Amino acid sequence: MTDENRLKPAPPPPSGGPAHPAGGRFGAVPKMVTPLLVMQPDSVQLIDEAMSRDRMIGMVFAKPDPAQEGPPKPESYAAVGTSAMILRCQDARKPHQLLVQGLGRFRIKKLILAEGKAFFQAEVEHLTEDATHNTEIEALMANIVNLFARVVQVSPTLPSKSSTWRSRSRRPEP
């Protein structure tokens, strides 16, 4: 099942916000809380603006180009990103140490480099996951629970009570 099949448009979203290019191996995921170190001057400016407004940023994978300075070119940005809330910002001027939480996915409609800004603003369409469960998903979930129980059983460092969560765990509500 591809992301294109599982994601569908949500009700009217805010249509714009700063887009932080997340390069390397990082990928923000909805509901995940993760630390983020921001060192590039254009990204620091982006974070400063987001902190003075609503603490919201868009995190988008951007293929790095070592020969280029400044923000990546629009064509190097992925089509889908994750909206995130800055939970904590330790402002040591440069670099910024952040704690961000992914909120949801979005599709980029348009990237705009506004005058006086060193980063792109993104016009976006928010997406929601189709939470329908099918037999394949149910089987995968059961398999993960059983594999975890086996890992706990053979691991000398994990307490045996670690696997009791599976009896209390329930299928997530759609």
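Read-outs throughout are calculated quantities, based only on the coordinates presented, and are distinct from any laboratory measurement. None of the values given here were measured: they were computed from a predicted structure.
Here Lys117 is the anchor, and the aspartates and glutamates within straight C-alpha reach of less than 12 Å, apart from those fewer than 8 places off in the same chain, are Asp42, Asp48, Glu49. Backbone amide hydrogens, once placed in the peptide plane, bring Phe120 within less than 5 Å of Ala19, excluding anything fewer than 5 places away on its chain.
Across all Cα atoms of the stretch 29-116, the radius of gyration (one decimal) and Dmax (whole number) stand at 13.0, 34 Å. Among the listed pairs Lys31/Lys109; Lys73/Lys110; Lys31/Lys110, give every one whose C-alpha distance is greater than 20 Å. Pairs exceeding the cut-off: Lys31/Lys109; Lys31/Lys110.
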